[in-house]
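This report concerns only the one structure given below.
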Amino acid sequence: MAPRLSPVLVVGAGHMGGALVAGWLRARTVTPAELILRDPVPGTVAQSAAREGAVLNGSPAAMATARTVILAVKPQTWRAMATELAPCVARDAVIISIMAGVAARDLAEAFPGRSIVRVMPTTAVAVLKGAASVWSADARGREAARRLFEPLGAVVDLEEEAQMHVATAASGSAPAYVYALVESLEAAAAGAGLGREAARTLARSALIGAAALLEDTGAEAGELRRQVTSPGGTTEAALRVLIQDGALDDLLARAVAAAAGRSRELGS
Ligand SMILES: NC(=O)c1ccc[n+]([C@@H]2O[C@H](COP(=O)([O-])OP(=O)(O)OC[C@H]3O[C@@H](n4cnc5c(N)ncnc54)[C@H](OP(=O)(O)O)[C@@H]3O)[C@@H](O)[C@H]2O)c1
């Protein structure tokens, strides 16, 4: 029988920690009673989970019962949190860090003897359409992460920890790039003459519809793009601006490199 993963202790129930809690409760793979949440200023998800039976800011003894610990505070503040937390964590607990840039070596020093896993999720785990890149030096850690994150979306096993910088840049941070695109499209549509509300509705629908087709058809993005692009038509005119001479490739390559660089800095 697979080892138990609960209770699950989530340290830092902010945007991402809260999204994970929301996803597990939605998927019903972790019940409120199996959750222990720690956050000085708990958000709405944590408060609502607490009303359903999760332990919120419980005692060290409650935290010691956790079989899995999710570290979800900001990378800049993790060391102080770890110093306080480590003595309370069971020797055989699995430590899953979703913090950008924080290396397994440093986590292993802070939580000696525990199985260490790094996971880079996206916020869409809250609606079970997320992604999670997983790396661990040990099979037990990988297995625990797979079981916890598969119900929340796609899981990708990384071959080396160093790939986590790119996974952070191309996945964890990537929803923000897509939202920025929607914001830009909305502004461009309004600037070109549409009313604000119409521009908003159409820009959002472009993303939501395109994402749904990607998911429903399973087709490659390039194939779906070609289906919208008639030779000599309007879309082709726009794509000439966007992708000609690798303009978009170049922009995204630079964006991903900048994010991966920042991830490396956070870990040093
Ligand atoms: N947001 C994303 O899309 C995303 C994606 C992938 C990975 N991540 C990673 O997830 C982590 C959290 O990011 P976030 O965007 O969720 O940040 P966030 O919204 O600021 O959440 C962090 C939470 O942790 C709380 N906290 C701070 N110190 C704590 C402590 N000692 N014990 C317990 N809780 C503590 C914070 O409270 P205060 O606000 O009161 O300090 C805050 O509520 C980061 O390491 C980030 O790299 C985020």
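The values are calculated or read from the model by the stated rules, or taken from the named source; none is laboratory data. Computed from a prediction, not measured in an experiment: that's the story for all the values here. Glycine also receives a Cβ, built like all others from the backbone with ideal geometry; neighbour counts cover every protein chain displayed. Only protein heavy atoms, including side chains, enter the accessible area calculation; ligands, DNA and RNA are left aside. Shrake-Rupley method; radii C 1.70, N 1.55, O 1.52, S 1.80 Å.
If I build a Gaussian network model for the chain, linking alpha-carbon pairs within less than 10 angstrom, which residue out of THR77, THR123, THR68 has the largest mean-square fluctuation?
Among THR77, THR123, THR68, the largest GNM mean-square fluctuation belongs to THR77.
Kindly sort GLU150, GLU52, GLU34 by accessible area of their heavy atoms, largest first, with the probe set to 1.4 Å. Mind dumping the intermediate values first?
Details: GLU150 95, GLU52 125, GLU34 55 Å².
The most accessible residue leads, giving GLU52, GLU150, GLU34.
Leaving ligands, DNA and RNA out of it, report the carbon-plus-sulfur percent of the accessible area of the chain at a 1.4 Å probe.
For the chain, the apolar C and S fraction of the accessible surface comes to 59 percent.
For the stretch 249-268 and the stretch 91-135, what is the centre-to-centre distance using only Cα atoms, to the nearest Å?
20
Can you bin every Cα-Cα distance in the stretch 8-161 into 5 Å intervals starting at zero and give me the percent of pairs per bin, rounded to whole numbers?
2, 10, 21, 25, 23, 14, 4, 0, 0
Using alpha carbon centroids, what distance separates the stretch 1-39 and the stretch 182-222, in Å?
Cα centres, the stretch 1-39 to the stretch 182-222: 33 Å.
Tell me the per residue accessible area of the stretch 48-177 using a 1.4 Å probe; a whole number in Å² is fine.
With the other protein chains kept in place, the stretch 48-177 gives 42 Å² per residue.
Need one number: convex hull volume per residue for the chain, Cα atoms only, in Å³. Provide the component values of the computation, followed by the final result.
Working: hull volume 41.4 nm³, N = 268.
Convex hull volume per residue, Cα atoms: 154 Å³.
Could you give the size of the charge dipole of the stretch 121-268 about its Cα centre, using +1 on the Cβ of each K and R and -1 on the Cβ of each D and E, expressed in debye and rounded to the nearest 20?
So the magnitude is around 380 debye.
Restricting to Cα pairs below 8 Å that are 6+ residues apart, what does the relative contact order work out to for the stretch 8-161? Please round to a whole percent.
It rounds to 22 percent for the stretch 8-161.
Rounded to the nearest 20 Debye, what is the dipole magnitude of the stretch 11-129 about its Cα centre when Lys and Arg each give +1 and Asp and Glu each give -1 at the C-beta?
Dipole size: approximately 240 debye.
If you build the Cα gyration tensor of the stretch 129-268 and take the root of 5 times each eigenvalue, what three semi-axes come out, in whole angstrom, biggest first?
33, 18, 16
Roughly how much of ILE208 is accessible, in Å² to the nearest 10, using a 1.4 Å probe?
110
Rounded to the nearest 500, what is the 222 nm mean residue ellipticity of the chain from helices alone, with -39500 (n - 2.57) per DSSP H run of 4+ residues and division by all residues?
Result for the chain, helices only: -15000 deg cm²/dmol.
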